[in-house]
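Bear in mind these aren't lab numbers, they're just calculated from the coordinates by the rules spelled out. Note that the structure is predicted; figures quoted are calculated from it, not measured. FYI the Cβ positions are ideal-geometry reconstructions off the backbone, even for glycines, and counts take in every protein chain you see.
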Amino acid sequence: MNKKQSVALSSVFASLALTVLKLIVGLATGSVGILSEAAHSFLDLGAAILTFFAVRVGEKEADETHHYGHQKVESVSALVETGLLFLTSAWIIYEAIKRLTAGKAEIEVTWYAFAVIIFSIIVDYSRSRALNKVAKVTKSQALEADALHFSSDILSSLTVLVGLVFVLLGVAKADAIAALGVSLFVLHAGYSLGKRTVDVLVDTVPAGLPEKIRGIIHRVEGVISIKRIRVRPAGITIFIDITITVSKKLSISRAHDIADEIEKRIKTLIPEADITIHSEPDNKV
C-alpha cells in the first residue's frame with residue numbers, strides 16, 4: 001500500500017471513530033448541534049471510503065478501454081461527495097428549524113459533550129494537514145477533496161462548541177442556531193468541491209494555461225504559427241494537443257527536434273503534462 005492509499009485509509013478509521021463518538025454523545029445529551037456533527041462525520045466516512053477506492057482505481061495504468069487512464073475516477077468520487085454534502089446540509093437545516101419552532105428543548109450540556117467536540121477538532125486538524133501534505137506531493141484531487149471535508153469539520157465543530165457554551169449560559173436555542181451554522185459551512189464546502197469537480201469532468205481548461213503554452217511555443221525557433229492548442233485535465237495529468245506549422249523546407253528530423261524542444265519547455269512549466277505535437281508544412285515558407 002503506497003502513501004496515497006495509506007493516508008486515505010487512515011481517514012476512513014478517523015471518520016468512523018468520530019461518527020460513533022458524536023452519535024453517542026448527541027443522543028445522550030439531546031444536542032441537535034452534536035447530532036448534526038455526527039451526520040457530518042458520517043458523510044465524511046462515506047467520502048473517505050469513496051476516496052480510498054478512487055485513489056486505488058485512479059492509479060491504474062491506461063488500458064484498452066481507458067486510453068487516458070483512470071484518473072477521472074477521483075473526480076467522479078468527488079462529485080458523489082458533493083451530493084452527500086448537500087444532502088447532509090438539507091437534513092441539518094430541517095432538524096434545526098424543527099427544533100427552533102418546537103419550543104424549548106431539553107439539552108444536557110455535559111463535560112463529555114465539550115470533550116467530543118474538542119477531540120473532533122484535534123483529529124480533524126491532524127487529518128486535514130496529513131491529507132493536504134500528501135495531496136500536494138501526489139497532486140491527488142481525491143485526497144484534496146477529503147482534506148476539504150476535514151477542514152470544514154473544524155469550522156463546523158467550532159460553531160457547535162460556541163452553541164454549547166450559549167446553551168450552558170441559558171440560551172437554549174443557540175444549539176439549533178449553531179446547527180444552522182454547521183449547514184452553511186457544509187454547503188460552502190460542497191459548492192467549492194462541486195465546482196472544481198465539474199470543471200474537471202467537463203474538461204474545463206485551466207485558466208490562463210493555453211496562453212502560457214502559446215507564449216512558450218512562440219519562443220521556439222522554427223515555429224511559424226500555431227494552428228491549434230487543446231488542453232484536457234484528467235486527474236494529475238494534463239493532456240495537451242498542439243498543431244504547429246513549420247517551413248516546408250525543413251527536414252523531418254529538424255521538425256521533430258522543434259517538437260521535442262516545445263515538449264521540453266512545456267514540461268518545465270507543467271511536469272505532469274502528456275503532450276502530443278503535430279507539425280504541418282507552411283506552403284508559403
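Things worth noting here:
- Peptide packing for 41-50, 206-215, 82-91 was compared via the average number of neighbouring C-beta atoms within 10 Å per residue; ordered from the highest value, the list is 41-50, 82-91, 206-215.
- Partners for residue 248 among aspartates and glutamates (Cα-Cα distance below 12 Å; same-chain residues under 8 apart left out): 280, 282
- Distance violations [Cα-Cα > 23 Å] among 136/195; 22/173; 3/136; 72/227: 72/227
- A simple packing score, the average count of other Cβ atoms within 10 Å per residue, orders the peptides 260-272, 110-122, 144-156, 15-27 as 144-156, 15-27, 110-122, 260-272, with the highest score first.
- Grouping the Cα pair distances of region 16-65 into 10 Å bins from zero gives a pair-distance distribution of 26, 33, 19, 13, 7, 2 percent in increasing distance order.
- Spin-label zone in region 270-284 - amide nitrogen under 16 Å from a point set 7 Å from the Cα of residue 236 along the C-beta vector: 270-274
- Ellipticity estimate at 222 nm from DSSP helix runs (n ≥ 4, -39,500 (n - 2.57)) divided over the chain, nearest 500: -24500 deg cm²/dmol
- Point-charge dipole on Cβ atoms (K/R +1, D/E -1) for region 209-282, about Cα centre, debye to 20: 180
- With both residues required to sit in the chain, DSSP beta bridges show an antiparallel share near 45%.
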